[in-house]
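The values are calculated or read from the model by the stated rules, or taken from the named source; none is laboratory data. Nothing here was measured: the structure is a model prediction, and the numbers come from that model. Heads up: the accessible areas ignore ligands, DNA and RNA and are worked out on the full protein's heavy atoms, side chains in. Shrake-Rupley method; radii C 1.70, N 1.55, O 1.52, S 1.80 Å.
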Amino acid sequence: MKTEYEQRALQFSDEIPNCPMPKNFGQVNDRLYRGGWPQTADFLSDFNIIEVITLYSSSNEKEAKWIITLKKIVADAGVNHTIIDVNNNWDLWRAALHIHESNIRMYVHCQAGANRTSMVCLISEIMRLGPELASKALAALVNEAISYGFDYHKEKYRQILTDILIQAKQQGLLFDWFLP
């Protein structure tokens, strides 16, 4: 069953036929939306997005070309645009910290809205919930990331998730953790 926010996103995309919603679009909490690369600026204004956080890899030739078009889309929407070149786990952590420290409506995305986006959303939710609640909700948070296409079964992403959870525990954001 689709959440209220997913239903709203689908309804919105039906009302504006040439305005496709980003792949893996969803709402993480009351001020954070997630998904893939936006195709148009229209949905940003419909959801009152104040800032877009782009997670991209400058070493990916396709993404390096897309970033030029993306900058125009976000500028046309009149919202702030933070671009983070994610070369390592620290960059994902930095993106999540930026989300956590901001108190505005944001849209975070990577190319497909699956792996990088899921990692950043997971980290920011751990920060937002605090150690006790995050420790209790960790399995649900990871399962939600998997529902958006996070490839937990791929060794690379399982290792990144493990590294991030270790960082979260070292920073006092989790009391005890486990992988689902």
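Values for this structure:
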read-out: Solvent-accessible surface (1.4 angstrom probe) belonging to H153, in square angstrom, nearest 10; value: 140 Å²
read-out: Solvent-accessible area per residue for the range 46-86 (1.4 angstrom probe, square angstrom); value: 52 Å²
read-out: Estimated 222 nm signal from helices in the chain, with DSSP H stretches of n ≥ 4 weighted -39500 (n - 2.57), rounded to 500; value: -17500 deg cm²/dmol
read-out: Computed over the range 102-152, the ratio Rg/Rh where both radii use C-alpha atoms and Rh is Kirkwood; value: 0.98
read-out: Gaussian network model of the chain, Cα within-10 Å springs - most flexible of A77, A114, A64; value: A64
read-out: For the range 91-180, diffusion coefficient by Stokes-Einstein and Kirkwood Rh (Cα), 37 °C, 0.692 mPa s, µm²/s; value: 253 µm²/s
read-out: Cα convex hull of the range 48-97 - mean projected area over all directions, nm²; value: 3.6 nm²
read-out: Carbon/sulfur fraction of accessible area - the range 128-180, other protein chains in place, 1.4 Å, %; value: 55 percent
read-out: Computed Kirkwood radius, in angstrom, where 1/r is averaged over Cα pairs of the chain; value: 16.5 Å
